[in-house]
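I have placed the structure first, in the form of structure tokens, so that the comments after it can refer back to it.
The values are calculated or read from the model by the stated rules, or taken from the named source; none is laboratory data. Everything numeric in this text was worked out from a predicted model, so none of it was measured. Cβ coordinates were reconstructed from backbone atoms using ideal geometry, including for glycine residues, and neighbour counts include every protein chain displayed.
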Amino acid sequence: MTSRERVLTTLQHKEPDRVPIDFGGMRSTGIMAIAYNRLKRYLGLKGGATRVYDPKQQLAEPEKEILDLFEVDVVDLNNSFGMRAEKWKDWILPDGSLGKMPVTSYPVWENEEWVLKDGGRTCAHMPDSCLYFENCNQILERVETTADMRRIRWKTYFTDEDLREFEEKAKFLCENTDYAIMGGFGGNILECGQEVRGWDNFMVDLVSDRSFAEDLMDELVEMHLTNLKGFLQAVGDYIQIIQMGDDMGTQETSQISLEMYRDLVKPRHRKIYQYVKEHSRLYVFLHSCGSIYNLIPDLIEVGVDILNPVQTSAAEMDPVRLKREFGHKVTFWGGGCDTQSVLPYATPEELEAHVKERIGILAPGGGFVFTQVHNVQSNVPPQNIVVMFNAAKKYRGYPILRSQGAC
């Protein structure tokens, strides 16, 4: 099977020749630039460049040599083979190693810290001893009414140039590689409300000023649907997966109650995801961190085909239970290795056994793509990254030996 065939087969809940592997297919399946530099040094790889394509999260774009080494089956439409239409400039990462940042998002030293600008507005900063940028000074942070919100130019729309670039990249990747292609879109509702209002403000809005919160979410839906129409027309014939995002979980439970989700967020998710279903053959991929067990049936109902990152260390996210209850309806893209307590600290033997067990739980019957739970953080030893992917390659062949307790 080609990589694209392998991914499409598992998304159909059939067993391919072997479990597909992802590394960097979207902004939560990759690696921080500090860890990436250490990985390259450990592997003895010279040359190339560490492109920090996501300055806030400090994520590096995996180079093809790494993708080939780890037998990766998926690529990100927006960050593949150096195809970003960006100019890059050297920047010293927090550990002193070298990375390249996009000129359009290059950090500025201001008031004794690094900051990122959006126009003239400081939108993120890197506090002392922090390894990534934190959002600040949200654009709608101080608005009080819907009228105030609508007077501010805060929504972003794809330009014709953006859409042409998307189409060119998608066509090239489709016709010149056999990777499965993931198109990062977003479509966030809860998370985007938090982004433009500030997390605390928006969570209060949902309870104390529901009318304003709904007006804001409706504006988000209008923006997403407008962008989605152009995006699907540009790339829908070339990609296989469209990536949405909306972090709705914490370590212990969902950020909002099931009732609030169903009342306020679910109808808006439905509009966005069903538009994809009605206008393309793409699979809908949703990234949502944390404990979201109670939301999964509703997410499947509104059109989610793929769940990521499958944060198995969060409450109620036991992988055996998830596979048993939902594995025939949704693909688990992640959960292959616990990045909180295992990947940074396990011995090689423990790590291999952990990966083998996860594959045995999640892979039988298809509906599983191997990747770690969220991005590889800067403190992960490079040898552990290699052990993780070597174990994934070792145990990915079908038929999969089911782990004890799996069904």
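Quick check on this structure: which one of Trp114, Trp109 is assigned to a strand (DSSP E or B), exposed (fewer than 15 other Cβ atoms within 10 Å of the Cβ), among the aromatic types (Phe, Trp, Tyr) and free of Cβ contacts under 8 Å to residues at least 40 places away in the same chain? Full working, then the answer.
Numbers: Trp114 fails: exposed (fewer than 15 other Cβ atoms within 10 Å of the Cβ).
On inspection, the qualifying residue turns out to be Trp109.
Are any of the residues in the range 256-268 in contact with a Gly (Cβ under 7 Å, 6 or more places away or on another chain), among the small types (Gly, Ala, Ser) and at pLDDT 95 or above? No; the residues of the range 256-268 include none that is in contact with a Gly (Cβ under 7 Å, 6 or more places away or on another chain), among the small types (Gly, Ala, Ser) and at pLDDT 95 or above. Pairs linking a residue in the range 203-222 that is within 13 Å of Cys192 (Cα to Cα) to a residue that is modelled with pLDDT of 95 or more and of a type in the set (D, E, K, R), with Cβ atoms under 6 Å and 6 or more positions apart or on different chains, are Ala213/Asp205; Met217/Arg268; Val221/Arg268; Val221/Lys271. Considering every residue within the range 65-82, establish whether at least one is in contact with a helix residue (DSSP H, G or I) (Cβ under 7 Å, 6 or more places away or on another chain), touching a residue at least 40 places away in the same chain (Cβ under 8 Å) and over 26 Å from Thr9 (Cα atoms). For the range 65-82, residues in contact with a helix residue (DSSP H, G or I) (Cβ under 7 Å, 6 or more places away or on another chain), touching a residue at least 40 places away in the same chain (Cβ under 8 Å) and over 26 Å from Thr9 (Cα atoms): absent. Is it the case that the range 3-18 has a residue that's aliphatic (A, V, I, L, M), in contact with a helix residue (DSSP H, G or I) (Cβ under 7 Å, 6 or more places away or on another chain) and modelled with pLDDT of 95 or more? No, every residue in the range 3-18 fails to be aliphatic (A, V, I, L, M), in contact with a helix residue (DSSP H, G or I) (Cβ under 7 Å, 6 or more places away or on another chain) and modelled with pLDDT of 95 or more.
Counting only helices (runs of 4 or more DSSP H) that fall entirely inside the range 266-380 and contain at least 3 residues that are among the basic types (Lys, Arg), under 21 Å from Gly249 (Cα atoms) and in contact with a helix residue (DSSP H, G or I) (Cβ under 6 Å, 6 or more places away or on another chain), the qualifying elements are 266-279. The residues listed here are Ala170, Ala213; of these, the one that is modelled with pLDDT of 95 or more, of a type in the set (A, V, I, L, M, F, W, C), more than 29 Å from Trp333 (Cα to Cα) and not in a loop (DSSP other than H, G, I, E, B) is Ala213.
Of all residues in the range 173-197, how many are in contact with a strand residue (DSSP E or B) (Cβ under 8 Å, 6 or more places away or on another chain), outside any helix (DSSP H, G or I) and either closer than 30 Å to Leu264 by Cβ or of a type in the set (Phe, Trp, Tyr) (or both)? Within the range 173-197, residues that are in contact with a strand residue (DSSP E or B) (Cβ under 8 Å, 6 or more places away or on another chain), outside any helix (DSSP H, G or I) and either closer than 30 Å to Leu264 by Cβ or of a type in the set (Phe, Trp, Tyr) (or both) number 8. Take the conditions under 27 Å from Asn135 (Cβ atoms) and polar (S, T, N, Q) and apply them to Thr29. Does it pass? For Thr29, the condition - under 27 Å from Asn135 (Cβ atoms) and polar (S, T, N, Q) - is met.
Looking at (1) surrounded by fewer than 20 Cβ atoms within 10 Å (Cβ to Cβ); (2) touching a Phe, Trp or Tyr at 6+ places or on another chain (Cβ under 6 Å), which is the one condition that is false for Asp305? Of (1) surrounded by fewer than 20 Cβ atoms within 10 Å (Cβ to Cβ); (2) touching a Phe, Trp or Tyr at 6+ places or on another chain (Cβ under 6 Å), only one is false for Asp305: (1).
What about Gln383, is it under 20 Å from Ile292 (Cα atoms), in contact (Cβ under 8 Å) with a residue 40 or more places away in the chain and either touching a helix residue (DSSP H, G or I) at 6+ places or on another chain (Cβ under 7 Å) or in a helix (DSSP H, G or I) (or both)? So Gln383 does not fit the description; no. Tell me whether the range 196-215 contains one or more residues that are under 21 Å from the mean Cα position of the chain (by Cα), buried (at least 20 other Cβ atoms within 10 Å of the Cβ) and at negative phi. The answer is yes; a qualifying residue exists. Considering the range 241-255, the residues that are of a type outside the set (Val, Ile, Thr) and assigned to a strand (DSSP E or B) include one that is farthest from Leu282 (Cα to Cα), namely Ser254.
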